[in-house]
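The structure under discussion appears below in the form of C-alpha cells.
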Amino acid sequence: MNEVIRPGAEDEDRLDRSRRVGWVDVDRLARSQVLVVGAGALGNEVVKNLVLSGFRHLTLVDMDRVVRSNLNRCLFFNDTDAEGRSFKAEVLARGAAALDPDVRIEALICRVEEVDPWVFEQSDLVLGCLDNVAARLHVNAHCCLHGRPLVDGGTLGTSGKVQVVLPPAGPCLQCAMNRTHYRVLEKRHSCTGAETAFFEPKMAAEITTTSVIAAIQVREVLKILSGQRGRCLQHLLHYDGLTNRTLELEVPLDPNCPMHGDRTVA
Amino acid sequence: MNGEPLESSVIGMSVRVRVRNAETGSTVDMELEEENTVQEIIEGAAGYWEKDAGAYVLRKGKKLLRGQQTVLESGISNSDDLELIPDPEGG
C-alpha cells in the first residue's frame, strides 16, 4: 500500500526546517538531557536557542534574582519579574516552556556548588553561562570528572569567548587560566567572610554580543550531539564585536592542570 | 602609545618584545629575561595600562600563552608581538 501524503503537511512539523539542515540530528537533540548553568543574559539566549532547536529536557541552575539592570539583555525577564525579585531560573523556565509546551525544564535555585554531582552525571552535555571564575572552575571540574562535554561562553562589553571542552581529550577551562584569574577569584571571596557574599564589579554587557556568543555556544552543542565533533571548535574562540572579527586561539593543555590525567572517568 | 620599555621584575635584558593592548591598540615594549613567566608579562602590561582588576590572557599569534611558562618555554623571542586580551567572564 502506498504512503499517504498531504499537501502542506511539512508545515505542521515545527522542526521541519531544522531537519532540512541535514546534519542536525533533531531526534537526538529531543532525547538529550542538557544542563545550563547560569540563567542570566547568556542563559536566556542559550535556552531560547536550545528550545527552538528542539531540545526537550533541560535543567537550569541559578541562585540569583531578577533586577531591572538585567532587562537590557534578557529576553524572558520583565519589569514585573524585577519588581517581584523573581528567581531567574524560575522565570527562564516558564518563558522557555511557553515557547514549546513539550519542553520539560527543571529549575534549581541554588549555587552551582550546591548542585548534586548526579545532575552533572545524568546530563549529556553542560552549557556554562556563568559570570565568575569560581563557578567556571567548579563546572569545569565536574565535566572533566564525569567526562561530559562543556560549552562555556563569556562576554565583556562587545567582546566574548566560547570554549568547548571535550573530556578527556584536549585542554579544559583551567588550562587557559593564569594568576589574574585566581586573583579575581580571591578578591570576590574576600569581602565579608560570609560564604555567598562577594565583591562583584559591574561589567559592561549588551544584547548583541550576548546573542552572538550564545548562538555560537548552541551551534557547538548541535554539532557535539549530532555526531559532528570533528567540526567543533578545537580551541578558544575570541570574538571582537567592534570589528566583528573572530580569532581561534590555540589553548595548550597544561601538564600541571589537575583536571587531566588518570582522574577522569568515562 | 610606544612608551619607554618596561622592565619585568627580574633584572636582565635578553629579549625585547612589543605588547599590544587589545582594547585600545596601544603598544608598549617590554624587556624580559628568559626566566620571566607569561604571568609576569601579563601583570606588567596590565599594571602599565592601569587596567581594572580582572582576568587577562596573552597571545602570540594564534596561540594562547600558558601563564606558568617562562619566556624560554613559551618560545617568546626577540621582537615578538604579543597581545594582552581581557578574558570575558561575564554571563
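The numbers here are math on the coordinates, done by the rules we state, and not lab data. Not measured: the values here are computed from a predicted model. Cβ: placed from backbone, ideal geometry, glycine included. Neighbour counts: every protein chain shown.
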| message | Could you tell me the relative contact order of chain A? Use alpha-carbon pairs under 8 Å, at least six residues apart, and round to a whole percent. | response | 20 percent
| Counting other C-beta atoms within 10 Å, which of A:Tyr239, B:Tyr48 has the fewest, and how do the rest follow? | B:Tyr48, A:Tyr239
| field | Neighbour-count ranking [beta-carbon atoms within 10 angstrom, fewest first] of A:Leu29, B:Leu58 | value | A:Leu29, B:Leu58
| said: Report the Cα centroid-to-centroid distance between the stretch B:18-40 and the stretch A:52-104 in angstrom, as an integer. | reply: 42 Å
| task | Shielding by partners for A:39-51, please: the mean number of other protein chain Cβ atoms within 10 Å of each residue's Cβ. | result | 1
| Cα long-axis angle, helix A:133-146 against chain A (0 to 90 degrees, to the nearest 10) | 60 degrees
| note | Amide H neighbours of A:His57 at under 5 Å, excluding residues fewer than 5 places away on the same chain, with H built from the backbone geometry, are A:Val34, A:Arg104
| Considering chain A as a Gaussian network with a 10 Å cut-off on Cα pairs, which listed residue, A:Val66, A:Val26, A:Val115, attains the greatest mean-square fluctuation? | A:Val115
| remark: If each K or R counts +1 and each D or E counts -1, the residues other than A:Asn178 whose Cβ falls under 11 Å of its Cβ total -1
| Taking a temperature of 25 °C and a viscosity of 0.890 mPa s, what whole-number D in µm²/s does Stokes-Einstein yield for the protein assembly as shown with Rh from Kirkwood over alpha carbon pairs? | 114 µm²/s
| Space enclosed by the convex hull of the alpha-carbon atoms of chain B, per residue, Å³ | 95 Å³
| Residue among A:Asp152, A:Asp100, A:Asp116 with the largest mean-square fluctuation in a Gaussian network model of chain A, springs linking Cα atoms under 10 Å | A:Asp116
| query | What is the set of long-range amide H partners of B:Val57 at a cut-off below 5 Å, with H atoms built 1.01 Å from backbone N? | reply | B:Ile85, B:Asp87
| message | What does the extension gain come out to for A:Glu12 and A:Asp102, with contour length at 0.36 nm per residue minus their alpha carbon separation? | response | 30.9 nm
| field | Links that overshoot a 28 Å alpha carbon limit, given the list A:Lys161/B:Lys60; A:Lys223/B:Lys62; A:Lys48/B:Lys63; A:Lys48/A:Lys202; A:Lys48/A:Lys161 | value | A:Lys48/B:Lys63
| query | When the helix-only estimate is applied to chain A (DSSP H runs of n ≥ 4, each -39,500 (n - 2.57), divided by the residue count), what is the mean residue ellipticity at 222 nm, nearest 500 deg cm²/dmol? | reply | -9500 deg cm²/dmol
| request: Place +1 on the Cβ of every Lys and Arg and -1 on the Cβ of every Asp and Glu in the protein assembly as shown, take the dipole about the Cα centre, and give the residue among A:Gly38, A:Gly54, A:Pro258 whose Cα lies farthest towards its positive end. | output: A:Gly54
| Amide H partners (placed H, <5 Å) of B:Leu82, local residues excluded | B:Arg18, B:Val19, B:Arg20
